[in-house]
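To start, the structure under review is shown below, and the notes come after it.
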Amino acid sequence: ARLVVLVSGSGTNLQALMDAAAADAYGAVVVAVGADRDGIEGLARARRAGVPTFVAKVSGHPTRAAWDGALRAEIAAHRPDLVVSAGFMKILGPEVLGAFPVVNTHPALLPSFPGAHAVAEALAYGVRVTGCTVHLVDAGVDTGPVIAQEAVTVHDGDDEDTLHERIKSVERRLLVEVVGRMAREGWTVTGRHARLGRPGR
Ligand code: GRF
């Protein structure tokens with residue numbers, strides 16, 4: 001399967017996917033990496049791996065809808081079977097979501113703590129257990145059907161960085177596992193329920 005990965009930051013989830021994709025048995029390859037900004041480590045990781053990159057800045061377009069259309073065109077040029085949002089910090093618009101299946105990884109147990117500050121909010125709330133969620137992307141903010149989740153314990157003395165790093169070490173493994181199974185086995189969605197594997201299996 002052909003993957004286009006969208007990033008906005010350090011790209012460690014992207015790196016995990018590229019590393020896994022090096023094995024033929026994985027069943028998926030990262031064919032391009034897109035970002036909403038320049039100068040991020042995620043793009044540098046792609047370039048080091050020889051993977052084509054593109055940047056689609058919201059500020060480069062007169063409207064959000066124009067950006068949505070431009071992003072769709074950039075992604076479409078690489079003919080993906082699946083788009084993976086891995087730390088991409090923009091809400092994807094209807095043109096992109098209408099054109100491709102998109103899976104996202106979020107560093108909390110949705111529906112708890114959606115949005116861009118999930119780790120800080122979980123810490124501030126005082127939860128003892130948080131985690132990460134891999135879900136299909138719909139028009140909302142972190143509201144699409146859940147595919148997989150894994151719990152991560154909060155340690156006394158955690159700050160946002162130590163907790164986020166512990167979550168990310170779980171998140172990278174979960175994302176690699178789920179994306180590989182989606183590529184090899186497919187998936188079905190019935191209402192809010194996403195299930196890996198083809199129907200009737
Ligand atoms: C991940 O925890 C992702 O869930 C969140 O931002 C982080 C991105 O990390 N949205 P990286 O860029 O993959 O290292």
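The values are calculated or read from the model by the stated rules, or taken from the named source; none is laboratory data. Given the structure is predicted, the values throughout are model-derived calculations rather than measurements. Cβ placement follows ideal geometry from the backbone for every residue including glycine, while neighbour counts extend to all protein chains displayed. Quick note on the areas: whole protein, heavy atoms, side chains included, nothing else; ligands and nucleic acids left out. Shrake-Rupley method; radii C 1.70, N 1.55, O 1.52, S 1.80 Å.
Within the set of pairs 6 or more residues apart or between chains, which connect a residue that is under 21 Å from residue 170 (Cα atoms) inside the range 71-88 to a residue that is more than 16 Å from the ligand (Cβ to nearest atom) and open to solvent by 10 Å² or more (accessible area, probe 1.4 Å) with Cβ atoms less than 6 Å apart?
Filtered contacts from the range 71-88: 83/100.
Working only within the range 117-150, note down all residues that are assigned to a helix (DSSP H, G or I), open to solvent by less than 40 Å² (accessible area, probe 1.4 Å) and either touching a residue at least 40 places away in the same chain (Cβ under 8 Å) or more than 14 Å from residue 167 (Cα to Cα) (or both).
Passing the criteria: 119, 120, 122.
I'd like to verify a number: residues in the range 151-196 that are part of a loop (DSSP other than H, G, I, E, B) and under 23 Å from residue 130 (Cβ atoms), how many?
Total meeting the criteria: 7.
Could you list all residues from the range 8-35 that are open to solvent by 10 Å² or more (accessible area, probe 1.4 Å), more than 12 Å from the ligand (Cβ to nearest atom) and not in a helix (DSSP H, G or I)?
Answer for the range 8-35, where residues must be open to solvent by 10 Å² or more (accessible area, probe 1.4 Å), more than 12 Å from the ligand (Cβ to nearest atom) and not in a helix (DSSP H, G or I): 22, 23, 27, 29, 30, 31.
When the range 69-112 is examined, which residues are found to be within 12 Å of the ligand (Cβ to nearest atom) and open to solvent by less than 40 Å² (accessible area, probe 1.4 Å)?
84, 85, 86, 87, 88, 103, 104, 105, 106, 107, 108, 110
Looking at the range 167-201, which of its residues are touching a Ser or Thr at 6+ places or on another chain (Cβ under 8 Å) and open to solvent by 30 Å² or more (accessible area, probe 1.4 Å)?
168, 172, 195, 198, 199 - these are the residues of the range 167-201 that are touching a Ser or Thr at 6+ places or on another chain (Cβ under 8 Å) and open to solvent by 30 Å² or more (accessible area, probe 1.4 Å).
Please indicate, with yes or no, whether at least one residue in the range 48-60 is over 15 Å from the mean Cα position of the chain (by Cα), small (Gly, Ala, Ser) and surrounded by 20 or more Cβ atoms within 10 Å (Cβ to Cβ).
The answer is yes; a qualifying residue exists.
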